[in-house]
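Here's the structure, in structure tokens; my notes come after.
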Amino acid sequence: MSQIMQKIYALFRMNILIFVLLAATVIALFAYQNGLDDIEFLNLSDYPYVIAESDSADGGTSAIALERTDSSIIVDYELREGYAYPYAGVKIFLGDGKTRGKDLSHYDSIFVWVKPRGEGTVRLYMRGYDSAFYRQDDETSLKFNEVEFFPLEETYPAVFVPQEFRVASWWVAQNEINVHKARVDLSNIPLIEIQTGTNAPLGYGTLEIRGLCFKGKKIAKVDLVTILVVIWFVTFFIILIIRFFDYSRERVANKRKQEELEKNLAALQIEKSEYEKSSKEDPLTGCLNRAGFSSILLREQENLSKNGCPVSFVMLDIDHFKDVNDTYGHSVGDEVLVNLTRLIRDKIRNTDALVRWGGEEFVILCSDTPIQNAQFLAEKLRVAIEGATLIKQQQVTCSFGIAEMIPGEDPKKLFERADKALYSAKEGGRNRVVSAMFKRR
Amino acid sequence: MELDFRPLVLKWKADTPEAEADSSKDSCVIQITATLMREPLVVKSKVEELEYLVIYGKEGEKLVFEGFVTDKAVSGKPESHWTATCGKGEKVVVNFHNGQ
């Protein structure tokens with residue numbers, strides 16, 4: 001069971017990792033879409049760093065009064081002639097109000113609760129610190145990131161996205177700033193101003209400001225995507241490494257298996273060849289047996305048919321071998337067989353095949369040999385055997401029958417002929433060579 | 001023509017050690033055997049088994065072979081006695097002596 005589980009695990013290991021990653025990605029995107037909100041609410045009713053402001057700072061005569069309630073601040077003002085662009089409003093300080101402010105750049109929407117009592121627009125300034133333009137103790141050098149709007153009569157907030165802000169053109173002109181450098185930047189806002197807008201009517205008016213709310217995500221979309229991409233990349237890299245090691249391990253294992261198989265194959269081949277050899281050899285004398293002889297006979301038959309190479313067949317039998325066995329025992333008989341085989345092998349060619357035909361009977365298949373040469377060889381063998389001491393107990397002789405193969409002839413006929421010749425040699429007194437020659441009628 | 005086979009026995013005997021030791025002896029024995037096996041007198045012989053005793057000796061540089069049928073009963077037949085001369089580079093010819 002555990003093996004099956006392991007196999008399933010091995011099969012799906014990588015895919016599981018990808019599925020997990022996919023699920024994590026979906027969850028992360030879902031969480032991003034439906035959560036992970038970063039909301040900061042600036043309730044001005046209890047925010048201490050709020051002051052009223054009017055054009056009196058610029059030489060105007062407008063009057064202003066600030067009042068806090070439980071839920072908002074109320075700015076009462078009277079815009080009067082005096083300054084070219086009379087205004088009144090509040091300043092909300094963030095940080096030190098000069099160089100260190102709040103980073104609002106990661107918020108994607110800004111809510112402003114302003115309820116006017118009067119006509120005209122309202123201006124919202126996000127005053128940004130920029131070291132390139134900032135002048136020491138000069139509040140006007142803070143960048144005027146502005147948006148001007150008609151506030152709603154209801155209690156709903158006005159909502160802006162950062163892209164709706166513009167850097168005030170008059171400020172750009174006054175400070176002689178290259179327009180390309182005067183881009184909206186909300187990364188360091190030390191001061192927020194909410195004022196009456198352009199061409200606000202002279203006279204009394206009121207702004208009720210509840211506060212501001214900045215809403216964004218705890219992580220930027222681009223950061224989330226970047227992180228996910230990195231995670232995917234790293235995961236794929238890890239999978240690649242794992243697969244590489246798996247592949248290397250498999251390769252080593254396969255190689256080991258292959259080597260093992262090759263070893264087994266070699267052992268089997270050796271075993272097979274030994275078996276084949278033993279199946280074709282007579283175990284006592286090392287001569288071919290009949291099984292080994294048949295393949296050689298076929299080869300010689302083919303050679304005779306195709307090339308006309310003569311093949312002769314010398315059949316020999318040890319004379320009175322039964323007497324040797326009966327008199328001296330089978331071990332002496334075996335000694336005769338072994339010594340006779342050795343003697344014959346010394347006298348025949350490598351191309352001749354010596355076969356133990358059975359019992360004390362042997363056959364020499366002489367390739368490329370006509371009958372007269374076979375007879376000559378047999379005679380030499382006969383004389384050599386007669387003169388040799390195969391066993392010390394008595395002299396051993398052999399009788400020979402010779403026949404030559406005829407193309408297309410059934411081998412049985414050849415054996416019969418050689419056998420007849422051998423029989424004739426035995427009948428004629430043994431220790432002689434008889435050739436089976438043609439007789440024409 | 002019907003093909004059949006007959007036994008042929010050749011027993012070789014040198015009359016001198018020099019003849020036995022002659023370098024061309026083996027070749028001559030083979031040639032004479034082959035010639036005999038093709039010889040019409042031998043091939044058409046009525047004798048079932050022809051057995052020759054072949055005695056050979058030196059005559060100058062040549063070897064002279066003389067074959068006799070060992071079976072006295074057929075010694076009068078033409079194929080029962082023959083002679084052959086064998087020398088280097090010469091073709092062996094077997095001459096039958098019609099039993100004389």
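The values are calculated or read from the model by the stated rules, or taken from the named source; none is laboratory data. Note that the structure is predicted; figures quoted are calculated from it, not measured. For neighbour counting, all protein chains shown are included, and Cβ atoms are generated from backbone atoms with ideal geometry for every residue, glycine included.
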Being aliphatic (A, V, I, L, M) and surrounded by 13 or more Cβ atoms within 10 Å (Cβ to Cβ) is true for just one of A:A57, A:A23, A:A52. Which residue is that? A:A52
Could you tell me which numbered condition A:V383 fails, if it satisfies all but one of (1) more than 20 Å from B:L10 (Cβ to Cβ); (2) loosely packed, with under 15 Cβ neighbours inside 10 Å; (3) within 14 Å of chain B (Cβ to nearest Cβ)? (1)
Restricting region A:162-183 to residues that are modelled with pLDDT under 90 and polar (S, T, N, Q), the one surrounded by the fewest Cβ atoms within 10 Å (Cβ to Cβ) turns out to be A:N178
Just checking, which of B:E61, B:E18 is modelled with pLDDT under 90, away from chain A (no Cβ under 11 Å) and surrounded by fewer than 16 Cβ atoms within 10 Å (Cβ to Cβ)? B:E61
Go through (1) assigned to a strand (DSSP E or B); (2) at pLDDT below 90 one by one and return the number of the condition A:D70 breaks. (1)
Hey, A:C366 hits all of (1) within 30 Å of A:C309 (Cβ to Cβ); (2) in contact with a Ser or Thr (Cβ under 9 Å, 6 or more places away or on another chain); (3) at the interface with chain B (Cβ under 10 Å from one of its Cβ atoms) but one; which does it fall short on? (3)
If I filter region B:28-45 down to residues being more than 8 Å from every other protein chain (Cβ to nearest Cβ) and without any contact (Cβ under 8 Å) to a residue 24 or more places away in the chain, which single residue comes out as nearest to the chain's Cα centre (by Cα)? B:R38
Restricting attention to region A:386-406, and to residues there that are in contact with a helix residue (DSSP H, G or I) (Cβ under 7 Å, 6 or more places away or on another chain) and of a type in the set (V, I, T), which single residue is nearest to the other protein chains (Cβ to nearest Cβ)? A:I402
Cβ-Cβ under 7 Å pairs, at least 6 apart or on other chains, region A:54-66 side closer than 9 Å to A:E78 by Cα, far side part of a helix (DSSP H, G or I) and among the hydroxyl-bearing types (S, T, Y): A:S62/A:S56
From B:E18, B:E66, B:E90, grab the single residue that is without any contact (Cβ under 8 Å) to a residue 40 or more places away in the chain, more than 21 Å from A:V433 (Cα to Cα) and of a type in the set (D, E, K, R). B:E90
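Taking region A:184-201 only, how many residues are part of a loop (DSSP other than H, G, I, E, B) and surrounded by 12 or more Cβ atoms within 10 Å (Cβ to Cβ)?
Initial filter on region A:184-201 (part of a loop (DSSP other than H, G, I, E, B)): A:184-188, A:190, A:197-201.
Filter once more, keeping what is surrounded by 12 or more Cβ atoms within 10 Å (Cβ to Cβ): A:184-188, A:190, A:197, A:200-201.
Number of matching residues: 9.
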Residue in region A:98-119 that is in contact with a Pro (Cβ under 6 Å, 6 or more places away or on another chain), surrounded by fewer than 16 Cβ atoms within 10 Å (Cβ to Cβ) and part of a loop (DSSP other than H, G, I, E, B) present: yes
State which residue is farthest from the other protein chains (Cβ to nearest Cβ) when the search covers only region A:351-363 and only residues that are part of a loop (DSSP other than H, G, I, E, B) and closer than 25 Å to A:N307 by Cα. A:T351
Do you know which residues across region A:305-362 are of a type in the set (V, I, T) and either in contact with a Ser or Thr (Cβ under 8 Å, 6 or more places away or on another chain) or under 19 Å from A:F415 (Cα atoms) (or both)? A:V311, A:V314, A:I318, A:V338, A:T341, A:T351, A:V355
Filter region A:73-89 down to the residues that are in a strand (DSSP E or B) and of a type outside the set (G, A, S), then identify the one that is nearest to the chain's Cα centre (by Cα). A:I73
Conditions (1) out of contact with any Cys (no Cβ under 7 Å at 6 or more places or on another chain); (2) in contact (Cβ under 8 Å) with a residue 12 or more places away in the chain; (3) of a type in the set (A, V, I, L, M, F, W, C); (4) not in a loop (DSSP other than H, G, I, E, B); number of the one not met by A:I385: (1)
Single condition A:L316 does not satisfy, out of (1) within 14 Å of another protein chain (Cβ to nearest Cβ); (2) modelled with pLDDT of 95 or more: (1)
